[in-house]
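Enquirer: Questions regarding the structure given below will be posed in turn.
The values are calculated or read from the model by the stated rules, or taken from the named source; none is laboratory data. Nothing here was measured: the structure is a model prediction, and the numbers come from that model. Don't worry about glycine lacking a Cβ; one is built from the backbone with ideal geometry, like all the others, and counts go over all protein chains shown. For the accessible areas, the whole protein counts, side chains as well, though only heavy atoms, and no ligand, DNA or RNA atoms are used. Shrake-Rupley method; radii C 1.70, N 1.55, O 1.52, S 1.80 Å.
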Amino acid sequence: MARALQDGPPTEPAPEGKEWKKTSKDVDGHPVDHWILVDKDDGGPTWPARERLSLLNKDIERVDGAEKVTGAAVYSHDVRLEGMLYAVVLPAAIPQGTYSLDLDAARAVDGVVVAQDVAGGEVRYLGQAVAAVAGITPDHARDGLRALGVEFEAGEWALTREQAMAEGAPAIGRRGNRRSGRARGDSDATRAALESAAAAVEAEYTLPVQHHVCLETHGVVVDYRGGGEATVYASTQGTFTIGSEAAGTLGLRDSDVTAVVEHMGGGFGSKFGLDIPGDIACRLALEAERPVHLLLDRKGESSFVGNRSGGWQRVKAGCDETGKLVALDAEIETYGGLGRGSNPGLPYIYDAQEYSRVQASVMTNTDSSRAMRAPGHPQASFAMESILDELAYEAGLDPLELRKTNLSDPVYHRQLDRVAAEIGWSEHPNRTAPGTGDGWTATGIGFGVATWGGGGRPVCEVDVKISSDGSVTVEVGTQDLGTGVRTYVAAIVAEELGLQVEQVTPRIGSSRYGAANASGGSVTTACLAPSVKAAAWAVRRSFLEKVAGARGVDSGQLKCADGAVHDLSSAAGKLSWSAACALLPSEGVAERGKWNHKLAGNGVHGAQGAKVEVDLKTGQVQVLEMVAVQDCGLPLNHLALRSQLNGGMIQALGYALLEERVLDPELGLNLNPNMEDYKIPGSMQMPLMKAIVDEEDDRQVVIGMSEAAVIPGASAIANAVHNACGARVRELPLTPDKVLAALGRV
Amino acid sequence: MERFELEIPTTVTEAVDLLPASWDEDGGREAMPIAGGQDLLTVLKEELYAPERLVHLKGISDFGGIRESGKGLVLGALLKVASVAADPRIRLHWRALAEAAESVASPQIRNQATLGGNLCQRPRCWYFRSSDAPCLKKGGYECYAYGGKNKYNAIFGGGPSYIVHPSDIAPALQLFRASVKTQSGGGSRELAISELYTLPADSDVTRETVLGPDELIESVSLPAPEPGFKTTYVKAQERGSFDFALSAVALGVRAQGGKITECRMVLGSVAPVPWQPERAEQEAIGMKDEPESWAKIAAVAMEGAEPLSENGYKVPLTKGLIEKAFKRLREEDV
């Protein structure tokens, strides 16, 4: 079985009282299996059996939902401060070369306060931030940008693989434009197995560069007015990734910078650290000694804050008569601009008796790729799920069955069977050969599977306090990317104390609260929820001890449930919550919780299916239905989980049918740095979506799942298009031009 | 967007006086008219033009509303696209026009955009829309689409510019042989839709219409409905909504006894102007109203197409769209 990436398991035995626990960590956006030493069972908290939960493992409405939909929620973009300047950034209009500018001319513009050169006259990639201006309004700042009179002098560039690999291409990387990774597997054995395979196929698959398209663009508002302190309101995936970097730029001590992330509008892997916009904002603020608002426009967003790398994969695969994959050979190239791009490698999740692969990245003068929701995985999935489909039809086998034949983990079997049942595979006519439709339209079904780590580690420090007036607060510095963190932070505490969710006030998104992980690799739930649980568990025990002391009973006789404290020792013994809290000392009772390994797990699966209708006359594809079945250990909030699954399916639908950065390699231009020509799906493109939490997963631990949700959808859609009408499109997005070409109509 | 002065005249005469009498060096942009602003504001934000003055037409009462004229309709240029789509008379008698208007952009844009603005909108070509590409349309020397990324560009009527006209409404109006009434310093004139637009080879390549710098569309006249002439507007998009057309077809058919007795067809987003394949219209007459004929007619409509490097797919796509339009007219009650 080909694992995505992993550290080796530890070889030394665990010390006395400790044991090794496998979890996962995020390395450049990749989930890497990771072993840590944990205490053996310490009698601490455990998640209650599912039937005993009254809030968790059910649908919980977002605690900040009303605030968000009414616009009351304050995102970094919405922060307005006294004396604040607005900053704008100019992206380079050339892929490589030099530029000159006149900062004084910008400074002379009415309403402009600061103008700075950002890149020192050198352009290394198309769209690189080269200059920034801050003014009293965004319009004044833009007047300043124009006044800079930036003149670009283009050098030689490479924007495509072909340009980068051409004779005499400009050197982009220090070690050449193409960097090879380690070869894996046994190529001789694979070649031999391919030759003797009952059926074999070979194909090339190409992936576009996808943007993150965060609803809230990248940036910060930095509140610095000279002096020794600063506050950074950051649109970030890591509250605690801001402070030291901002302090460095502002010349302050780490402890004098507060990061605030009250709400943030999506990151998908692209928002860690102060980042380019944050650094520019701090430099402008340092010079102006005034607060600076710098949230990018869409052109900036499409230019220098990352993307999902493009790629190319040539795959040869062979199977025996039963569909068992006997050999797979892959050549993989990733296109990450100045970065390396990512691909976890083939045969990805599937078993192959023999496999071999070589992998390389080709650099171009474009923005470096970044982590994007399951980095590399949708790319690998597209090639792997497509080649498996091609092999199934070549061999005359059912592609669903062929998948199961090559997946050893039974969880995938049950999930695929569930998807197939929901989407109507057994009643579908084209199960071993593609259909042809009625001359006008054709309907098809396709499948794909996912994998992810989603494990936790000890980072979070959560404080829960019960006050004598009955109010309950839970504080931790974590950020809510829109996934519902704030809601489960409150709900876990409420569950523990027998309260309703709204009786607990969650306070998150500030570096003044307890430590929290950065949200990458879907690790937040498994990092944070156990710490919240531990804090809630500890505070309940302390609370009951205090109440028991005041009542002169044994705390073992007291129980929190149904918004009251029950005294099991006496028939009439029930104290209302406020009456019980009134027995507390004036400072209330507070406890800090840390991560507890017994509460977190690692490793999720996931299967998805798509049903599409292809317009045979125009090549348009409409996704009729998508089904996702996803495990995640103990589900904290079904509503939020389904929301993540829906979001994953929608993002995959965009990747499948619409999204693609388009460059003109000859002119050196980005042709769609906007949301008109860079198309994402809208409400009218939504299929019927069935988001199903796999309740047969009975692991009593929490695991992150969000990245798994985005992996198989595009593959399933592409396979469904082929299943409908025989059009095998091997390059995303599946736009009408490509579908018509695959139908042999162009 | 650069600073500009905003003038809000209340009469046509005032408005015309505020606009330049002749095109200046860079295409006559010292003052520009604005109505719904749905296109113009995007043009200004991308800084394709930086007019010193915008002349808002919203105060000109003569330019609004719908009135009946004989059996036809006169639509004010300031009518919202959403109102064109919703008018029950248009929906009943000029169906393709209602469908075309309904297919424009999104509800928010349809509620703001005007009929006149839709007809006068600038091309969507991404080279034209990029301030970093000094293309032919903006007074430069080259149409970058010709040898560049041209999947959305023209397959008919191209050269030296290869833009397509993006309006959905114009092909539908041309189908109904509608005309526009204009006002300028030189007086008033009436132009058929087919005369309003010009091919890049036939006139100043920086413009899409024959309108002068101070010439405003006052209204659109729809001739009397033609009983038995059934019409529809069919549009292919990459994204099924809120997307400009890859190709579009306004089709009108009269059939008797299973045979086509009259056919009119205007294609959108395939040429720099609404494109009327007249030979196909003529060949259709006398053919049976059935799939084999539709395919033949569509093939004739595509004769003479000259695709660029990346838009060859538009030929089968448009052909397929024409067939779909015929099918729709025969099978659905439109």
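Enquirer: Hey, what do the phi angles of the range B:279-296 turn into as Karplus ³J(HN,Hα) couplings, whole Hz, using 6.51/-1.76/1.60 and θ = phi - 60°, x for Gly and Pro?
Expert: 5, 5, 4, 6, 5, 5, 5, x, 6, 5, 7, 8, x, 4, 5, 4, 5, 5
Enquirer: Follow-up question, since we're still on this one. Checking buried surface per residue: for the range B:296-334, which residues lose a minimum of 30 Å² accessible area in the protein assembly relative to the chain alone (1.4 Å probe)?
Expert: B:TYR313, B:PRO316, B:LEU317, B:GLU323, B:LYS324, B:LYS327
Enquirer: Right, here's the next one. Residues in the range A:357-394, backbone N under 15 Å from the label point at A:MET165 (7 Å along the Cα-to-beta-carbon vector): list them, ranges by number please.
Expert: Within reach of a label on A:MET165: A:358-364.
Enquirer: Residues of the range B:132-159 losing 20 Å² or more of accessible surface, assembly versus chain alone, probe 1.4 Å, please list them.
Expert: Buried by the other chains: B:ASP132, B:TYR144, B:LYS149, B:LYS151, B:TYR152.
Enquirer: If I take every Cα pair under 8 Å that is 6 or more residues apart in chain A, average their sequence separation and divide by the length, what percent do I get for the relative contact order?
Expert: On the way: 2020 pairs, mean separation 120.1, N = 746.
Once normalised by length, the contact order is 16 percent.
Enquirer: Something else: Could you give the size of the charge dipole of the protein assembly as shown about its Cα centre, using +1 on the Cβ of each K and R and -1 on the Cβ of each D and E, expressed in debye and rounded to the nearest 20?
Expert: Working: 108 positive and 144 negative charges, 315 e Å.
Its charge dipole is roughly 1520 debye.
Enquirer: If a/c stays under 1.5 just call it rounded; otherwise compare a/b with b/c (prolate if a/b is bigger, oblate if not). Do that for the range A:385-433, with a ≥ b ≥ c from the square roots of the Cα gyration tensor eigenvalues.
Expert: Details: a/c = 2.42, a/b = 1.13, b/c = 2.15.
Oblate.
Enquirer: GNM, chain B, Cα, under 10 Å: largest mean-square fluctuation among B:LEU308, B:LEU175, B:LEU317?
Expert: Among B:LEU308, B:LEU175, B:LEU317, the largest GNM mean-square fluctuation belongs to B:LEU317.
Enquirer: Relative contact order of the range B:230-331: what whole-number percent is it, with Cα pairs under 8 angstrom and at least 6 residues apart? Mind showing how you got there, number by number?
Expert: Details: 176 pairs, mean separation 27.3, N = 102.
For the range B:230-331, the relative contact order is 27 percent.
Enquirer: What does the charge add up to near A:VAL114, with Lys and Arg as +1, Asp and Glu as -1, over the other residues with Cβ less than 11 Å from its Cβ? Spell out each step's value before the answer.
Expert: Values: positive: A:ARG107, A:ARG283, A:ARG290; negative: A:GLU287, A:GLU289.
Neighbour charge sum, excluding A:VAL114 itself: +1.
Enquirer: Classify chain B as rounded, prolate or oblate, taking a ≥ b ≥ c as the square roots of the eigenvalues of its Cα gyration tensor: rounded when a/c is under 1.5, otherwise prolate if a/b is larger than b/c and oblate if not. It would help to have the intermediate numbers written out before the result.
Expert: Numbers: a/c = 2.03, a/b = 1.32, b/c = 1.54.
Cα axes put chain B in the oblate bin.
Enquirer: Further, regarding this structure: Just the number, please: buried accessible area between A and B, total of both chains, 1.4 angstrom probe, nearest 100 square angstrom. Please report the intermediate quantities before stating the final value.
Expert: Values: alone 28540 and 14620 Å², together 40190 Å².
Result for this pair: about 3000 Å² buried.
Enquirer: Counting only heavy atoms of the protein chains, get the accessible area per residue of the range A:673-746 (1.4 Å probe) and round it to a whole Å² value. Please list the in-between numbers first.
Expert: Working: 2340 Å² over 74 residues.
Per-residue accessible area for the range A:673-746 comes out at 32 Å².
Enquirer: Residues of the range A:664-679 that become at least 40 Å² less accessible with every protein chain present than in their own chain isolated, using 1.4 Å: which are they?
Expert: SASA drop of 40 Å² or more in the range A:664-679: A:LEU667, A:LEU669, A:LEU671, A:GLU676, A:ASP677, A:LYS679.
Enquirer: Taking all protein chains as present, what is the carbon and sulfur share of the accessible area of the protein assembly as shown, in % to the nearest whole number, probe 1.4 Å? Working shown, then result.
Expert: On the way: 18950 of 40190 Å².
With neighbouring chains kept in place, the figure for the protein assembly as shown is 47 percent.
Enquirer: Also: At a Förster radius of 56 Å, what calculated FRET efficiency corresponds to the Cβ-Cβ distance of A:ARG699 and B:ALA21, to the nearest 0.05?
Expert: Values: r = 78 Å, r/R0 = 1.40.
The formula returns an efficiency of 0.10 here.
Enquirer: Count neighbours as other Cβ atoms within 10 Å of each site's Cβ, and list the GluC sites (Glu not before Pro) in the range A:426-487 that are DSSP loop with at most 15 such neighbours. Provide the component values of the computation, followed by the final result.
Expert: Details: sites: A:GLU427, A:GLU461, A:GLU475; in loops: A:GLU427.
Hits after loop and neighbour filter: A:GLU427.
Enquirer: Oh, and also: Whole-Hz ³J(HN,Hα) for each residue in the range B:324-331, computed from phi via Karplus 6.51 cos²θ - 1.76 cosθ + 1.60 with θ = phi - 60°, x for glycine and proline: what do you get?
Expert: 4, 5, 4, 4, 4, 5, 7, 8
Enquirer: Now for a different question. How high is the relative contact order of chain B? Use alpha-carbon pairs under 8 Å, at least six apart in sequence, and give a whole percent. Could the numbers behind the result be given before it?
Expert: Working: 755 pairs, mean separation 57.7, N = 334.
RCO, chain B: 17 percent.
Enquirer: So what are the ³J(HN,Hα) numbers for the range A:632-643, from phi and the Karplus equation (6.51, -1.76, 1.60; θ = phi - 60°), rounded to whole Hz, Gly and Pro as x?
Expert: Computed from phi, the couplings for the range A:632-643 are 7, x, 7, x, 7, 9, 4, 4, 5, 5, 5, 5 Hz.
Enquirer: Could you provide, to the nearest whole Å², the per residue accessible area of the range B:230-331 with probe 1.4 Å? Display every interim value, and only then the final one.
Expert: Numbers: 3600 Å² over 102 residues.
On a per-residue basis, the range B:230-331 sits at 35 Å².
Enquirer: Provide the net charge surrounding A:ALA374, with neighbours chosen by a C-beta distance below 10 Å and charges set as Lys +1, Arg +1, Asp -1, Glu -1.
Expert: On the way: positive: A:ARG308, A:ARG373; negative: A:GLU707.
Net local charge, A:ALA374 excluded: +1.
Enquirer: Out of B:GLY228, B:GLY76, B:GLY257, any idea which swings most in a Gaussian network model of chain B, alpha carbons joined below 10 Å?
Expert: Comparing B:GLY228, B:GLY76, B:GLY257 in the GNM, the peak value goes to B:GLY257.
Enquirer: With unit charges on the beta carbon (Lys/Arg positive, Asp/Glu negative), name the residue among B:LEU329, B:LEU267, B:ILE285 whose Cα is farthest towards the positive pole of the charge dipole of the range B:230-331.
Expert: Of B:LEU329, B:LEU267, B:ILE285, it is B:LEU329.
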